[in-house]
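A.B. asks: Sharing a structure here in structure tokens format.
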Amino acid sequence: MKGSELKRLLMKAGCYKSYEGTNHEMWFSPKTGKYFPVARHDAKEIANGTCSRILRDAGLK
């Protein structure tokens, strides 16, 4: 999954970007109450394990 697709999915689920770092953005999920990093490389593919972890932290998996 590309970074842009993942971010679109997160926004649809109610998650939002809390703040930006140099290489990562910190997102917050109101569903789980967790902050989690998402890479800022929108055009690149995100590794399957990383994507699964982000979705789990967001409460989508």
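A.B. asks: I need a count of the residues in segment 18-30 that are closer than 13 Å to Ile54 by Cα and charged (D, E, K, R).
C.D. replies: Counting residues in segment 18-30 that are closer than 13 Å to Ile54 by Cα and charged (D, E, K, R) gives 1.
A.B. asks: Could you check segment 38-53 and list, in sequence order, the residues that are among the aliphatic types (A, V, I, L, M), surrounded by 14 or more Cβ atoms within 10 Å (Cβ to Cβ) and not in a strand (DSSP E or B)?
C.D. replies: Let us first name the residues in segment 38-53 that are among the aliphatic types (A, V, I, L, M), namely 38-39, 43, 46-47.
The next check asks that each one be surrounded by 14 or more Cβ atoms within 10 Å (Cβ to Cβ); those that pass are 38-39, 46.
Scanning segment 38-53 gives a single hit, Ile46.
A.B. asks: Could you list all residues from segment 6-37 that are loosely packed, with under 14 Cβ neighbours inside 10 Å, among the polar types (S, T, N, Q) and assigned to a loop (DSSP other than H, G, I, E, B)?
C.D. replies: Thr22, Asn23, listed by residue number.
Read-outs: derived from the displayed coordinates by stated rules, not from any lab. Computed from a predicted model, the values in this text were never measured in an experiment. Cβ coordinates were reconstructed from backbone atoms using ideal geometry, including for glycine residues, and neighbour counts include every protein chain displayed.
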